[in-house]
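For reference, the structure discussed in these notes is given below.
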Amino acid sequence: MDPNEDMSRKNSLNESVDTRDKVKVREMVHKLIISQLFYDGYQQIASQLIMLAHPDIPCPPSDRLVHLISLGLEEEQKRQGAKLTCISTKVGWIGGGLDLENQGDGLISAPEPAEYETVYVTAHKAPCRAGAINIDGSLVATGSVDTSIKILSVERMLAKSSDMETSEPQGHPVIRTLYDHAEEVTCIGFHPKDQILISGSRDCTVRLYDYSRTSVKKAFRVLNVNSISLPSASITKLYFSQKKFFSFYYYSGI
């Protein structure tokens, strides 16, 4: 082989690459992998990669990849060390009286996670996909894949979970169960002023329920999304205005 040609091939792997050009960077990585495999004696694997990657230049044996990875790992460790030093310096400055020398290994302990207590559990016949709380926090609504919607009283849920006896007996926490959608309920929301619950579903409808009526099961108003020529749409979010109902709804294709 011509020595000048061999030198040209080696220099092709050492040429600079614009790191902003991700395609060129990936091509260079593939070439370096092939050259490293040749260098380490894995000629068969390197030849197979050449057939798959089709590099635009020959890839002679080279250990440049190992060298670059070593440099990258060293730089990464330096940056991690600099970040830890910066955090320690900031912690030491706040308050001025923190003694880091007596803090064991110098690790910063995270705050304890908040503790939550389950006070009540209700179940749909299928997974629950949507939830909402009304503006004063007294009601919770859940929507399910089984097409049903449940409205629960927060006060009754708390009373059910409490061991203390109340002066008046509390009813069942689920105060309404609504069945009107034909498919999965994807979003629900309470009107900010009126006792109206609004739901959206994969059946491409938005339905409004007057839950002030104890016997309510069906919506008193139905809006069909198909009317705007998007039959595959699925309502995912609802937005309310200060008017009686809501200003608009937002949907996304599925």
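Summary table below
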read-out	value
Kirkwood Rh and Cα Rg combined as Rg/Rh, region 182-224	0.96
Nitroxide proxy distance, nm - points 7 Å out along Cα→Cβ at Lys160 and Ser215	2.5 nm
Normalised contact order of region 136-215, rounded percent, pairs of Cα under 8 Å and 6 or more residues apart	26 percent
Using a Förster distance of 25 Å, the FRET efficiency for Glu183-Ile133 (Cβ separation, nearest 0.05)	0.55
Estimated inter-spin distance, Lys193 and Tyr42, nm [label 7 Å along Cα→Cβ]	7.0 nm
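FYI, it's all coordinate maths here, none of it is from the lab. In this text, all values refer to a predicted model and were calculated from it rather than measured experimentally. Neighbour counts run over all protein chains shown; Cβ positions are idealised from the backbone, glycine included.
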